[in-house]
Amino acid sequence: MRALLRDVEAVAAAEGAPRVAAIAVRIGALAEMSPAHFREHFDEAARGTLAEGARCDVELSAAFDDPGAQHVTLVSVEVEEPA
C-alpha cells in the first residue's frame with residue numbers, strides 16, 4: 001500500500017494538485033483481496049496524505065493468466081485542480 005500511495009502522491013505532485021480526488025485500481029484474480037478490504041487499507045494508509053478521503057474505484061480482474069494476477073495495479077489518479 002505504501003508503494004501505491006507513493007505513486008498516487010507522485011502524480012499529485014507532478015500536477016501541482018492540492019489533493020487527490022479519486023484513484024482507480026485493478027485487483028488481480030490471485031491477489032487475495034476484496035474491494036472492501038482494499039478500501040479499508042487504503043483509507044487507513046492515506047490518512048494525513050494528499051489522498052486522504054479520495055474515492056476508490058476498484059475493478060476485480062477474473063483473468064488468472066494475466067501477468068498482474070497477483071497484484072493491485074494503479075489504473076488512474078484524479079486530482080483536484082490547483083487554486
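A few points about this structure:
- Based on every Cα atom in the range 32-71, Rg and the maximum pairwise Cα distance Dmax equal 12.2, 37 Å.
- Here the Karplus relation 6.51 cos²θ - 1.76 cosθ + 1.60, evaluated at θ = phi - 60°, turns the backbone of the range 16-30 into coupling constants of x, 7, x, 6, 8, 8, 7, 10, 10, 10, 10, 9, x, 4, 9 Hz, with x for every Gly and Pro.
- Report note on the peptides 30-41, 69-80: ranked by the mean count of other C-beta atoms within 10 Å, highest first, their order is 69-80, 30-41.
- Translational diffusion coefficient (Stokes-Einstein; Kirkwood radius from C-alpha pairs) of the chain at 4 °C, 1.567 mPa s, in µm²/s: 100
- Inter-probe distance in nm under a simple model that places probes 7 Å from Cα toward Cβ, at residue 52 and residue 36: 2.6
Read the figures in this text as sums done on the coordinates, not as results from a lab. Everything numeric here is computed off the predicted structure, so don't read it as measured data. Note that each Cβ is placed from the backbone with ideal geometry, even for glycine, and that neighbours are counted across all protein chains shown.
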